[in-house]
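The values are calculated or read from the model by the stated rules, or taken from the named source; none is laboratory data. Here the structure is a predicted model, which is why all the values come from computation and not from measurement. When we count neighbours, we look across all protein chains shown, and the Cβ atoms used for this are built from the backbone with ideal geometry, even at glycine. These area figures cover heavy atoms from the full protein model, side chains too; ligands, DNA and RNA do not enter into them. Shrake-Rupley method; radii C 1.70, N 1.55, O 1.52, S 1.80 Å.
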Amino acid sequence: MAEAFVASAMARETAEIPAATERLLARIDVFAALVERIRRANPRIVVFCGRGSSGFVGVYLRYLFEVRLGLLASAAAPSVVTAYQRTPEISDALFVLISQSGRSPDLITATQAARKCGALTLAIVNDENSPAAVASELVLPIGAGTEHAVAATKTVALSMIAGAQLVAALARDDSFSDGLQHLPSRLSEALACDWSAWAECAAGAPAAFVVGRGYGLGCAREIALKVAEILRVPTLGYSAAELRHGLRASITSATPVLALRQNDQTAAVVDDLVRDLHEAGERVFTAGGAAGTLPWIGDGHPMCDPIVMLVPAYRAIEVAARQRGFDPDKPRYLSKVTRTL
């Protein structure tokens, strides 16, 4: 008798994203309190502190804070505090710590230093009782539930959505808020999109690329990270604008490109890049837009669609990993808590 198939934790947790999103968006009271406190602080800049996938959540949120709120945003370098033992002047900043585990020592130390300097500190975490939450004045719990796979999936998507909901509330952006409310249903639909053609091609390649622009850049880098960690293929996530220049020389027909396209002011650059790569005979897989080559659910809100695109990418990577005998739940050299200083 054939052995019964047991879904990986990565597959199960990716499938949990729509329901977890619905629960998160219903927590109106949490967001209202945070919005009131941030408005009173009236920060001049926003600093994001995260590593790996959490860092790419910060890339996504940077575009939201800068475009929707007009606040200059930057990424913190924890080693400035932990290794060089210096603390920048950020008394007028909103310092946002993003951590799935909430236990990375360098991120916690950087947050403590920022708070001591007078920054308003906010932790976007899954565990609201974690050391990272304790170190911060404000806490935005994403409520994703336990994540067993070492490579984060649902906590990444939920962290992006939590930050996006905060921005929509701060900006009083009804259109964006409405787009977020449609996320549970769109994420559920996206679970049925089969991107295995792309993942199988990437898994057998010597290297691969993922491109996006604007709101899609953080998600492009996150997908590239997952391919590198789980499928063990060197994969780079770039802005579509960057690949129009010198970096284009490293793309060949042997190095597949996944292009993420949301329907906004950045779409033309992505379309131009995809067209040029096709004309040069390169392997390109496109998500989004009328000319998309991967299964997709149609364009939604451009600030939300890049998050939705994570779902079929995660599912395809998980399947490709199992087909090659890799354990998608336990990638080599990866741990749930990054213990660096």
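Within the range 286-297, can you find the residues that are touching a Ser or Thr at 6+ places or on another chain (Cβ under 6 Å) and surrounded by fewer than 20 Cβ atoms within 10 Å (Cβ to Cβ)?
Result: Gly292, Thr293.
Of the residues Cys219, Cys201, which is within 14 Å of the chain's Cα centre (by Cα) and among the hydrophobic types (A, V, I, L, M, F, W, C)?
Cys219
With respect to Ile45, is the statement that it is crowded, with 19+ Cβ neighbours inside 10 Å and hydrophobic (A, V, I, L, M, F, W, C) true?
The answer is no for Ile45.
Could you tell me which numbered condition Val81 fails, if it satisfies all but one of (1) more than 26 Å from Gly143 (Cα to Cα); (2) crowded, with 18+ Cβ neighbours inside 10 Å; (3) out of contact with any Pro (no Cβ under 9 Å at 6 or more places or on another chain)?
(3)
Identify the single condition in (1) closer than 30 Å to Leu236 by Cα; (2) over 22 Å from the mean Cα position of the chain (by Cα); (3) at pLDDT 95 or above that Ala7 does not satisfy, given that it satisfies every other one.
Every condition holds for Ala7 apart from (3).
Any residue that is farther than 24 Å from Gly237 by Cβ and not in a loop (DSSP other than H, G, I, E, B) - is there at least one of those in the range 63-79?
Yes, there is a match, as at least one residue in the range 63-79 is farther than 24 Å from Gly237 by Cβ and not in a loop (DSSP other than H, G, I, E, B).
Out of the range 243-277, which residues are among the charged types (D, E, K, R) and farther than 29 Å from Pro328 by Cβ?
Once the filter is applied, which keeps residues that are among the charged types (D, E, K, R) and farther than 29 Å from Pro328 by Cβ, the range 243-277 yields Arg244, Arg248, Asp264, Asp271, Asp272, Arg275, Asp276.
Looking at the range 109-128 only, could you name the residues that are among the polar types (S, T, N, Q) and either assigned to a loop (DSSP other than H, G, I, E, B) or out of contact with any helix residue (DSSP H, G or I) (no Cβ under 8 Å at 6 or more places or on another chain) (or both)?
Asn126
Of all residues in the range 84-108 being closer than 17 Å to Gly52 by Cα and polar (S, T, N, Q), which is farthest from the chain's Cα centre (by Cα)?
Result: Ser104.
Given the residues Val134, Val96, Val139, Val125, which is the only one that is modelled with pLDDT of 95 or more, surrounded by fewer than 19 Cβ atoms within 10 Å (Cβ to Cβ) and among the aliphatic types (A, V, I, L, M)?
None of the other options fit; the residue is Val134.
Can you tell me how many residues in the range 143-172 are open to solvent by 10 Å² or more (accessible area, probe 1.4 Å) and within 20 Å of Ile45 (Cα to Cα)?
Qualifying residue count for the region: 5.
How about the range 169-198: which of its residues are over 28 Å from Gly292 (Cα atoms) and in contact (Cβ under 8 Å) with a residue 60 or more places away in the chain?
Matches in the range 169-198: Ala169, Leu170, Ala171, Asp173.
This table checks each residue for (1) out of contact with any strand residue (DSSP E or B) (no Cβ under 8 Å at 6 or more places or on another chain); (2) part of a loop (DSSP other than H, G, I, E, B); (3) open to solvent by less than 10 Å² (accessible area, probe 1.4 Å).
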position	(1), (2), (3)
Leu277	no, no, yes
Pro302	yes, yes, no
Ala320	yes, no, yes
Pro328	yes, yes, yes
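Please verify whether the range 100-108 includes one or more residues that are open to solvent by 30 Å² or more (accessible area, probe 1.4 Å), part of a loop (DSSP other than H, G, I, E, B) and out of contact with any Lys or Arg (no Cβ under 9 Å at 6 or more places or on another chain).
No, there is no match, as no residue in the range 100-108 is open to solvent by 30 Å² or more (accessible area, probe 1.4 Å), part of a loop (DSSP other than H, G, I, E, B) and out of contact with any Lys or Arg (no Cβ under 9 Å at 6 or more places or on another chain).
Among Ala267, Ala313, which is the only one that is among the small types (Gly, Ala, Ser) and surrounded by 22 or more Cβ atoms within 10 Å (Cβ to Cβ)?
Ala313
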